[in-house]
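Visitor: Sharing a structure, written as structure tokens. Questions coming.
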Amino acid sequence: MDLFSNNAYPESNQRETPLAVRMRPEKITQFIGQEKIVGAGTFLRQMMDTDNIPSIILFGPPGTGKTTLANVIAHTTGAYFEQLNAVSAGIADIRKVVEASKGRLLTRHQRTILFIDEIHRFNKAQQDALLPHVENGTVILIGATTENPYFEVNSPLLSRMRVVELKPLCQEEIVKILEAALTDAVRGLGDMQLEYDKEPLELIAEVSGGDARIALTVLEQAAQMLKNVSPALLTKDMIRLVAAEKIQVYDRRGDNHYDVVSAFIKSMRGSDPDAALHYLARMLEAGEDIKFIARRVVICAAEDVGNADPQALVLAMAAAQAVQFIGMPEARIPLAQAVTYIAGAEKSNAAYLAIDQAMEDVRKRNCGPVPQHLRDRHYRGAEKLGRGQGYVYPHDYPDAIVKQQYLPDNLMDRTYYKPKLAGKEKELYERLQRVRKNEDKVE
């Protein structure tokens, strides 16, 4: 039985099969989207046309065509096609496939392509079990994953495969897929003779977030509402009713999680409060831990605003305390206040750069001892050891400026903190300039 074929289901059950499964193409010419991956002249397209598929990882968000592309390969290759799902398969299943593959190579000179869906769910031992057979060509491995393979797939296995990244489908591509489903009377909804225009299809594309599977599911559910209705008119109101609200593509443990968090921080750093609020809303709507969000806000206040506006850190800490005190949904308000303040504030990463450089020196340089006059002298015997002798108390002098060595001898050439001329930090810069210019005022 062909594991990908629609004919794998009895004809009587064809309509019970989800539309998203029924509409999977069997030919590359039916495949919509991902032109940069499978368009004419691309590497993968040439490998498919010559039936010379290498071991690959298909990586991308849900509904972008990973399983669909495997389906196309299954119908076009001369190789034997096997499928495993990493959720339910184990090492015994891998061994069974490998032994059968060896037999086909010896007796029929036929290669075996092994497709593993959700390959990121295989543990290290399971992935290691695949490695020698991928390396020696016993099987050609195609893995599909929504997780970043550079995080989830063992490096030795990954180094023997080509990573192919699929992108979310654009609105135009989703609409084409929906139109194909509406006109196909065999696999799709063509026999229902639904009436429609582009607007409801564009709305489906919008709420699906680039996920073809979601788009086809919404379309199928809307079509079910039109059974025994005349005229069978597909409308935007009907799509809104079915979709309820836009489905957020956000996995708190996945790669998309890190992308959204990264965009959130970079938007605050880049002084774009609107973008920062957008990514904050994404995280809140997806049920992200509000304490996690608050920690990121506090870090951004210190790292990216710093001394240009010290009030940012005060506000961020207040927001962090507030969200724990009041919880959701009200926690969104202090978070939004802190995020917009930080995004709008003057920026300086001088303190952040300074501590990193200082720590680098501590790790890698012989920094030398603390200068004698700075050492603690408040214990018995300290005076006999010369501790603290020669220390000058800055408050005894105007502006507390006095010439005195503070860094160890080995680091006298170092200047870690370099204030920027931004916001409040400009005042620090000006004072430190006076300190450094007037160090010779008092011995």
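Visitor: With the requirement that a residue be surrounded by 12 or more Cβ atoms within 10 Å (Cβ to Cβ), within 49 Å of the chain's Cα centre (by Cα) and among the hydroxyl-bearing types (Ser, Thr, Tyr), what does the range 363-421 give you?
Guide: Tyr416, Tyr417
Visitor: From the list Ala343, Ala354, which one is under 23 Å from Lys437 (Cα atoms), in contact (Cβ under 8 Å) with a residue 12 or more places away in the chain and surrounded by 15 or more Cβ atoms within 10 Å (Cβ to Cβ)?
Guide: Ala354
Visitor: Could you say whether any residue in the range 355-376 is at pLDDT 90 or above and not in a helix (DSSP H, G or I)?
Guide: No, there is no match, as no residue in the range 355-376 is at pLDDT 90 or above and not in a helix (DSSP H, G or I).
Visitor: Do we have any residue at all in the range 115-124 that's surrounded by fewer than 20 Cβ atoms within 10 Å (Cβ to Cβ), assigned by TED's automatic domain parsing to the domain that holds Ala232, part of a loop (DSSP other than H, G, I, E, B) and not β-branched (Val, Ile, Thr)?
Guide: No, there is no match, as no residue in the range 115-124 is surrounded by fewer than 20 Cβ atoms within 10 Å (Cβ to Cβ), assigned by TED's automatic domain parsing to the domain that holds Ala232, part of a loop (DSSP other than H, G, I, E, B) and not β-branched (Val, Ile, Thr).
Visitor: If you check Leu385, Leu411, which single one turns out to be among the hydrophobic types (A, V, I, L, M, F, W, C) and either within 26 Å of Asn307 (Cβ to Cβ) or touching a Gly at 6+ places or on another chain (Cβ under 9 Å) (or both)?
Guide: Leu411
Visitor: Give the number of residues within the range 263-290 that are at pLDDT below 90 and of a type in the set (Gly, Ala, Ser).
Guide: Here the count works out to 2.
Visitor: Any chance you could count how many residues in the range 101-111 are within 17 Å of Ile142 (Cα to Cα) and either assigned to a helix (DSSP H, G or I) or β-branched (Val, Ile, Thr) (or both)?
Guide: Qualifying residue count for the region: 1.
Visitor: Might you let me know whether the range 131-138 holds any residue that is within 29 Å of the chain's Cα centre (by Cα) and under 26 Å from Ile37 (Cβ atoms)?
Guide: Looking through the range 131-138, at least one residue is within 29 Å of the chain's Cα centre (by Cα) and under 26 Å from Ile37 (Cβ atoms).
The values are calculated or read from the model by the stated rules, or taken from the named source; none is laboratory data. Quick caveat: nothing in here was measured; it's all calculated off a predicted structure. Positions of Cβ are backbone-derived with ideal geometry, glycine not excepted, and every protein chain shown enters the neighbour counts.
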